[in-house]
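Report on the following structure.
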Amino acid sequence: MKRFVIERDFEYKGFRCVVIFTKGGFRNGYVGYSEPHDLTDEEKGKIESEFRCHGGVTYIGGGKGSHHPVNSDLHWLGFDCAHWGDGVDINLAISRGLMTRAEANFVYVDPDYHVCTEEEVVQECMRLADQMEEVGYHG
């Protein structure tokens with residue numbers, strides 16, 4: 001069974017941006033950038049606190065020959081939409097072959113929580129790319 005499907009793969013201001021829909025029924029967004037060296041833990045901590053995006057930066061990874069979120073040599077900053085108050089779309093996860101009905105029985109779904117839409121995650125990727133561009137990152 002697949003872990004996620006790519007909903008959108010686009011370029012914005014020279015940055016490659018990717019939106020995925022996950023097995024858990026929520027979306028993640030990623031912005032790719034070129035980085036000349038491996039980041040230290042201290043640099044990663046600074047990045048996590050420096051940028052504002054939905055739930056904060058929760059993924060720093062990639063590099064030469066990486067496979068997440070897509071095959072590329074880019075480094076990635078990412079965020080997820082699986083925080084308190086974020087909803088899940090179980091039916092979409094099932095229809096896309098990411099989750100079985102049996103698995104869905106174990107997922108808490110609060111009807112008052114908001115499921116971040118593909119378009120909202122696209123906009124958040126663009127907002128993150130704008131911030132990255134401001135401090136000198138390059139796509």
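Read the figures in this text as sums done on the coordinates, not as results from a lab. On a predicted model such as this, the values are computed, not experimentally measured, just so you know. Cβ atoms come from the backbone with ideal geometry, glycine included; neighbour counts cover every protein chain shown.
Taking the C-alpha atoms only, the angle from helix 118-134 to the longest principal axis of the chain is near 20 degrees. Within the chain, the proportion of C-alpha pairs whose separation exceeds 27 Å stands at 22%. Between Gly24, Gly65, Gly97, which gets the highest mean-square fluctuation from a Gaussian network model of the chain, Cα cutoff 10 Å? Maximum among the listed residues: Gly65. Spacing of the modelled spin labels on Ile6 and Trp84, each 7 Å from Cα toward Cβ, amounts to 3.5 nm. Against the main long axis of the alpha-carbon atoms of the chain, helix 41-50 sits at an angle near 70°.
The stretch between Ala104 and Ser66 holds 10.7 nm of extra length on full extension. This uses 0.36 nm per residue minus the Cα-Cα distance. Karplus-derived 3J(HN,Hα) values for region 51-64, using 6.51 cos²θ - 1.76 cosθ + 1.60 with θ = phi - 60°, are 9, 9, 8, 3, x, x, 5, 10, 9, 9, x, x, x, 3 Hz; glycine and proline are entered as x. Restricting the calculation to Cα atoms, region 19-68 shows an Rg/Rh of 0.98 when the hydrodynamic-style radius is the Kirkwood one. Using Cα pairs under 8 angstrom and six or more residues apart, how large is the relative contact order of the chain, in percent? Rounded, it is 31 percent for the chain.
Between Tyr113 and Glu50, the modelled label-to-label distance comes to 3.1 nm, taking each label 7 Å out from Cα in the direction of the beta carbon.
Spin-label model, Glu43 to Lys13: label points 7 Å out along the Cα-to-beta-carbon direction sit 2.1 nm apart. Spatial offset of region 1-51 relative to region 75-97 amounts to 14 Å, using the alpha carbon center of each.
Largest mean-square fluctuation among Asp112, Asp86, Asp73, in a Gaussian network model of the chain whose springs join Cα atoms under 10 Å apart, belongs to Asp112.
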